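Engineer: Below is one structure. I have some questions about it.
Throughout, read-outs are computed from the coordinates displayed, never taken from laboratory work. Just so you know, these numbers come straight off a predicted model, no measurement behind them. Because the Cβ atoms are built from the backbone with ideal geometry, glycine has one as well, and the counts that use them run over all protein chains shown.
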Amino acid sequence: MTVNENQRKLIYIANATTSSLSLSGCCFILLMFITFKDLRNSGFKLILILGIFDILNCISFMIPTYHTSNGNLDCQFQAILLNFSSFCGVLWTTIIALCLKKAIVESQSSIKGLINKSLIITILLGLICTIIPWVLDGYGTTAGWCWIKLSKSTNKWLVLRICLFFIPLILSITVNFYFYAKVKKTLYFMKVSDEQKEINMKLCKKLNLYPFILVLCYLPYAIKQGLELTSLNQEKYEFQFTMAVGILRGCHGLLNCLIYGFTGKVREKIRHILENFRILKKQQKLLENTRKNSSPTIQ
């Protein structure tokens, strides 16, 4: 680790700021799901689960561990929560892609059973990948936060990082691109009305953004991890690179919220709420004017 405590504090402030924005967005999606019954369908349930994993991820980044050491409880808690939520969040994006493929390409009428099974598998795999470093005493401080630690004396923690997170991450991105390519191909050649075809084309454009979120938020981290496999002097770029990686990772929940969560129905609900609020304010203003006009004047 080649950053000092002051630099770690700056990294934490940046992470906590972007994570707070992401947390707000994810909580908004959760509130929409709780408030409106007609949003509680299988598609929005997929987004809700992703939002919950993102909430856990945001909370983990907001824990101040810039002054802590490997054995401290706050460091261990952050590392465990960060590892679990990051792994499950990445894997769940692939589940969303799979469910879209099942619904559109294979015309599967209901994906409720698939969602429930996938959630159990995702949580179990997340727990396994989280328990392994804990059993091996692999959690500790890194350049910007607490996660699977690094050591110049051994490469086993680096191997653990690659096997438990970065390989699944690369596989997930690859599978996502494959599934969305299948979905876009089906939508493009689907024989529907002109109006529906226009809707399908809009969906195709949006599908391009889904895997791009993972690439944007995690590719710099993967590059950084790749550089750590080399003998290059990392002291020159460690602070700047870690700062950039932390900010992008902190934005992951916000981007998921904007791209996945703001569906047509959600936007319609927001417009309806704003319209009702505008009408209410107008009625209150008219009522106040009526009261003023009807009040007796002093002669």
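Engineer: Between THR35 and SER109, what is the FRET efficiency for a Förster distance of 30 Å, r being their Cβ-Cβ separation, to the nearest 0.05?
Structural biologist: 0.65
Engineer: So, one more: Starting from the Cα of ILE170, move 7 Å in the Cα-to-Cβ direction to define the label point; list residues of segment 204-220 whose amide nitrogen is under 20 Å from there.
Structural biologist: 211-220, by backbone N distance to the label point.
Engineer: Just need the Rg to Rh number for segment 1-103, please, alpha carbons only, Kirkwood Rh.
Structural biologist: Ratio of gyration radius to Kirkwood radius for segment 1-103: 1.08.
Engineer: Between segment 64-97 and segment 120-157, what's the alpha-carbon centroid distance in Å?
Structural biologist: Segment 64-97 and segment 120-157 have Cα centres spaced 9 Å from each other.
Engineer: Roughly how large, in nm² to one decimal, is the mean projection of the convex hull of the alpha-carbon atoms in the chain?
Structural biologist: Result: a mean projected hull area of 23.3 nm².
Engineer: Mean Kyte-Doolittle of at least 0.0 and a Cα length of 15 Å or more along the axis: which whole DSSP H helices of the chain meet both?
Structural biologist: In the chain, the long hydrophobic H runs are 5-35, 42-61, 73-100, 112-135, 167-189, 209-227, 238-250.
Engineer: If the cut-off is 13 Å between C-alpha atoms, which aspartates and glutamates fall inside it for LYS202, apart from same-chain ones fewer than 8 positions away?
Structural biologist: Straight-line reach from LYS202, under 13 Å: ASP194.
Engineer: Beyond a 24 Å Cα-Cα separation, which of these cross-linked pairs lie in this structure: LYS9/LYS156; LYS37/LYS197; LYS101/LYS197?
Structural biologist: LYS9/LYS156; LYS37/LYS197
Engineer: Enumerate the amide H contacts of THR142 below 5 Å, restricted to partners 5 or more residues apart or on another chain; note that Pro and chain-start residues carry no placed amide H.
Structural biologist: Close amide H contacts, sequence-distant or interchain: TRP147.
Engineer: Ok, one more. Among the Cys residues of the chain, which have no other cysteine Cβ under 4.7 angstrom away?
Structural biologist: Cys with no partner Cβ under 4.7 Å: CYS26, CYS27, CYS58, CYS88, CYS99, CYS129, CYS163, CYS204, CYS217, CYS251, CYS257.
Engineer: Rank ILE162, ILE34, SER172 by how far each Cα sits towards the positive end of the charge dipole of the chain (+1 on Lys, Arg Cβ; -1 on Asp, Glu Cβ) and give me just the farthest.
Structural biologist: The one lying farthest along the dipole's positive direction is ILE34.
Engineer: Can you tell me the relative contact order of the chain? Whole percent, Cα pairs under 8 Å, sequence separation 6 or more. Write down the numbers at each step before the final one.
Structural biologist: Values: 314 pairs, mean separation 80.4, N = 299.
After rounding, I find 27 percent.
Engineer: Compare the Cα positions of LEU254, TYR221, MET201 along the charge dipole of segment 5-263 (+1 at Cβ of Lys, Arg; -1 at Cβ of Asp, Glu; about the Cα centre) and return the one farthest towards the positive end.
Structural biologist: MET201
Engineer: Full-extension gain between ASN276 and LYS9, please, as 0.36 nm times their residue separation minus the C-alpha to C-alpha distance. Walk me through the numbers before you get to the answer.
Structural biologist: Values: separation 267, 0.36 × 267 = 96.12 nm, distance 4.39 nm.
Residue separation times 0.36 nm, minus the Cα-Cα distance, leaves 91.7 nm.
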